[in-house]
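Everything below concerns the one structure shown next.
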Amino acid sequence: MERYNFKIIERKWQSYWIKNKSFKSLINKNQKKFYCLEMFPYPSGNIHMGHVRNYTIGDVLARYKKMQGFNVLHPMGWDSFGMPAENAARQNNLDPKNWTEKNISKMREQLKMLGLSIDWDREISTCSPSYYKHQQKLFLELYDKGLVYRKENYVNWDPVDKTVLANEQVIDGKGWRSGALVERKKLNQWFFNISKFSDQLLDGLEKLDSWPNKVKVMQKNWIGKSFGCEIPFTVEGNKEIKEIKCFTTRPDTLFGLSFLAVSIDHPISKFYEDDKEFINFKKLCSKSGTTEEALAQAEKIGFKTKLLAQNPLDNNLKVPVYFANFVLMDYGFGAVFGCPAHDQRDLDFALKYNLKIKTVVKPQEENENFEVTTQAYTGPGKLFNSNMLNGLNAPEEAILKTIELLENKKKGNKKINFRLKDWGVSRQRYWGCPIPMAYDKKGNVIKIPENQLPVLLPEKINLKTNGNPLDQQDNWKTVTIDGKIYKRETDTLDTFVDSSWYFLRFCSSDNENHGFDTEEVNYWMPVDQYIGGIEHAILHLLYSRFFMQSISFKNDNFNINEPFSGLFTQGMVCHETYKDQSNNWISPDEITTDDNKNYFKKDDPKEKIIVGPVESMSKSKRNVIEPEKMIEKYGADSIRLFILSDSPPEKDIQWSDQGMLASYKFVQKLWGLHCKIKSILDDDKNYSNSEAEEKITKFTHQLIQKITNNLEKFNYNVIVANLYEMYNFFNKILSVKMNKEVIKENFVHILKLISPLMPHLAAESLEQLKIENKNEWPEPIEKYLKDDNIVMIVQINGKKRMSINTKVDIIQDELITSIKNTEYYNKNYADKKIIKTIFVKNRLINLIVK
RNA sequence: GCCCUCGUGGUGAAAUUGGUAGACACAAAGGACUUAAAAUCCUUGCCGCUUGCGGAGUGCCAGUUCGAGUCUGGCCGAGGGCACCA
């Protein structure tokens, strides 16, 4: 048997596909399209196993859909702006552009080694002016629509990366990339008005049937819609402060009012700017706001003002007003009314400052002596101690009635609030898309005119300075518009902007005049299947959805509201972690094992290795397997097969050397099967064996059906198992001599089933068998899907007692007769009476006997 | 604290959606071939009695059903998301 030489064969087919532009896709309105997209990579240097998994899953789908006759768009590009380039450049005194381009060409070659069915003609790179010039135009378009604005705002300042972070980029009070504690800083920033579309973004989720529920729930929570009421509280104690507006979801508990609490950034704070005690209090708050400990403990502290707020439903009820650290300025109005009895947070505060606790909601079964002391009651019940509200059912009925009452008295309004905040997109960074804006001497904003776009990044600049490098480029900063001199905006756009519309660019990637061609976009969009990591569940996916909303806004030619009709989130690739005795991470390459499965350092066999938990592959933990090395050792088809086997694609997969080897061996075995069949076909003799021929045909068609179903459901790991079964079956039955044409016909089907997973081997085998490859997905033939004989399960009183091999579609009476003829039945149940029969056709029979 | 998801052999996992639990693979043990090793192939897989069969069995406890890994309720455990959101 000839050994499968993947090195030669894989290279041969890869260059064949490239040369023949086998995966080039052109708009064709007579053909159904399928847009298959995997999240594009950041060009960090080398592809990693996560990419292999992501792109293999996508490639299987793209190839399958193409074989099914779809016009498949399957492009690839580079998310190539961002801080790693800038950091690497800073550290090694390089140019970010060169660094990025080098990485791209390296990774492009590595991706090509995987044999992906990519239309490389559509390749894009977000750091290229030919991409970001369109992004600048888009920015101005959104600006004209009023969806972009500038405001001074507290920002999350990352002191290590020296940049502003979006709320989503702050994790546990730390920068998502640097891990540094985030500080509060006031800066002028550009914002996208994403919150304008809160409702659409929320409602749109309902229609995304092919999205994982998990992602939809996460986005829903992130948008955070809540229904309630705004109440302006009349305030006395300072002539200049007439009222303080609060938002509440529980207006029904208004008679439990005990205090008002406002944020330290609330507009009324300006009246306390000179108050030393208030200044100290503010300091205390900002301290506790940034330390991790305080975030966890979250002790509630307040600063009492001399103001008194009036209960709008009872003018005689007056309560103190506090500044409090737990009130956020950027939610609602930055002010809340405290009802300690029915809100745990308010209760904690009331207990600390000895404030009144008045219970106004009691559970249905309690009487009017019910009283809250240390545990707030937030459940349903009846209102009491509440004057005209007494007897109402809390929460729903009471809330609606109270709002009605307040509206009638003009003391409040129904209000819906969202947690979603506008997206701050300014970054004080060099390696990003320049914001196409400028300022005159007074600081007034002016757009860079379209004929002066793109605003190119200056090249060859010094990055070894603190702060924003662009701010120090005096030449670059100065711009002449209509003969007048302006200063450019020196901030660049958050890189999440780059990835919010790249899928549109792919539809017409070479269009120089427009970011996307409307006709092309209307044909290809939406993306039918988007595939990527769960880590983008909120940020990238929500921003992309916002972009579609904002492009559609006031635009009759574009009404794609959802970019991705299908979403699949694949799991991570994991590996065991290793440490040496001095607690240093050790790479799997540096380890050997002895007979007792103990691990040792390769270059110091005395040093025992401590095996740690299985974690997702990361450079920092050094538990990384390099895809390129694996491809060189085992070939692309083997690594594709392994990455699909073992675990369902949505779950994490654990890298295993044995598993990788097993996949490699299976590829070799398949080739062995090919060789065996080729030699049968090349033989002059032919045979006939109708039983075996029928068997092989039935098996094949049933397999077509199974694999097709499993492809539709992303059960790729099961497909691998199906193929193992196929090999076992074929290998066995081929020892029987039968008609050559039957073998050939069925094996061609098999090769087509294999080709989305192992495209090189399938292509080579088809060629060697001299099959004209029409690249069509096989259709199962109905008559072969049924077996003549079937195993019926016989249960007696609900327990499996035997199985009977019988003809298919046997009817109940016939089956019972043959059961009664069995030795087993006569031995054990001859004297029993059948009182009930449950018969499931072609599956089982359950006899209830007495 | 709130929300979501998941608990099946030594391991990764299958299970036509309520109908043979453990397909397929990894690992292990035993065997075959071999001078030997590698490779390859076969067998075994929890508890009983010798094969065959019987029994228990899908985190735990109940329920619905002729029949539950699958449905319902409660509990336990793991993972993930959000976190002073008023």
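For the pair the range A:359-424 and the range A:65-142, the centres of their Cα atoms are 54 angstrom apart.
Exposure proxy ranking for A:Ser500, A:Ser210, based on other Cβ atoms within 10 angstrom of each Cβ and starting from the fewest, stands as A:Ser210, A:Ser500. Using θ = phi - 60° in the Karplus curve 6.51 cos²θ - 1.76 cosθ + 1.60, the 3J(HN,Hα) couplings for the range A:537-548 round to 3, 9, 3, 4, 6, 6, 5, 5, 5, 4, 4, 5 Hz; x is entered for Gly and Pro. Set against the 2.2 N^0.38 Å expectation for a compact globular protein, the range A:190-234 has a Cα radius of gyration ratio of 1.51. Put simply, the amide H of A:Tyr578, placed in the peptide plane, has neighbours under 5 Å in A:Ile586, A:Gly612, leaving out anything fewer than 5 places away on its chain. Near the amide H of A:Ile531, within less than 5 Å, lie the amide hydrogens of A:Leu37, A:Glu38, A:Met39, A:Phe568, all on another chain or at least 5 residues away, with H placed in the peptide plane. Each principal axis of the Cα atoms in chain A has its own extent, and those three values, largest first, are 108, 86, 69 angstrom. Counting only Cβ charges, +1 for Lys and Arg and -1 for Asp and Glu, the dipole size of the range A:539-663 around its Cα centre is about 340 debye. Taking amide H as placed 1.01 Å from N in the peptide plane, A:Gln654 has its amide H under 5 Å from the amide H of A:Cys574, each at least 5 places away in sequence or on another chain. Computed about the Cα centre, the dipole magnitude for chain A is approximately 600 debye when only Lys and Arg (+1) and Asp and Glu (-1) carry charge, each at its Cβ. Cross-link partners for A:Lys836 among the lysines, with Cα-Cα distance under 27 Å and sequence neighbours closer than 8 places in the same chain left out: A:Lys799, A:Lys800, A:Lys807, A:Lys820, A:Lys827, A:Lys850.
Residue pairs exceeding 25 angstrom between C-alpha atoms, taken from A:Lys19/A:Lys713; A:Lys66/A:Lys554; A:Lys65/A:Lys137; A:Lys145/A:Lys185; A:Lys216/A:Lys713: A:Lys19/A:Lys713; A:Lys66/A:Lys554; A:Lys65/A:Lys137; A:Lys145/A:Lys185.
What do you get for trypsin sites (Lys or Arg not before Pro) in the range A:655-748 restricted to DSSP loop and a cutoff of at most 12 other Cβ within 10 Å of the site's Cβ? Sites meeting the loop and neighbour criteria: A:Lys685, A:Lys713. Basic side chains Lys and Arg get +1 at the Cβ, acidic Asp and Glu get -1 at the Cβ, and with that the dipole of the range A:787-844 about its Cα centre reaches some 400 debye. The Cβ shell under 13 Å around A:Phe503 holds other residues with a net charge of -3, Lys and Arg each +1, Asp and Glu each -1. How many angstrom lie between the Cα centre of the range A:687-733 and the Cα centre of the range A:789-850? One Cα centre to the other: 30 Å. Straight-distance candidates among the lysines for linking to A:Lys442, with alpha-carbon spacing under 21 Å and chain neighbours fewer than 8 residues away dropped: A:Lys151, A:Lys186, A:Lys477, A:Lys484, A:Lys487. With the helix formula -39500 (n - 2.57) applied to DSSP H stretches of n ≥ 4, chain A reaches a computed 222 nm mean residue ellipticity of -11000 deg cm²/dmol. The HN-Hα couplings worked out from phi for the range A:348-360 by the Karplus form 6.51 cos²θ - 1.76 cosθ + 1.60 (θ = phi - 60°) are 4, 5, 5, 5, 5, 9, 6, 9, 4, 10, 10, 7, 10 Hz, whole numbers, x standing for Gly and Pro.
Averaged over residues, the count of other Cβ atoms within 10 Å places the peptides A:135-147, A:21-33 in the sequence A:135-147, A:21-33, highest first.
No value in this document is a laboratory result; all are computed from the given coordinates. Since the structure is predicted, the reported quantities are computational estimates derived from the model, not experimental observations. Cβ atoms come from the backbone with ideal geometry, glycine included; neighbour counts cover every protein chain shown.
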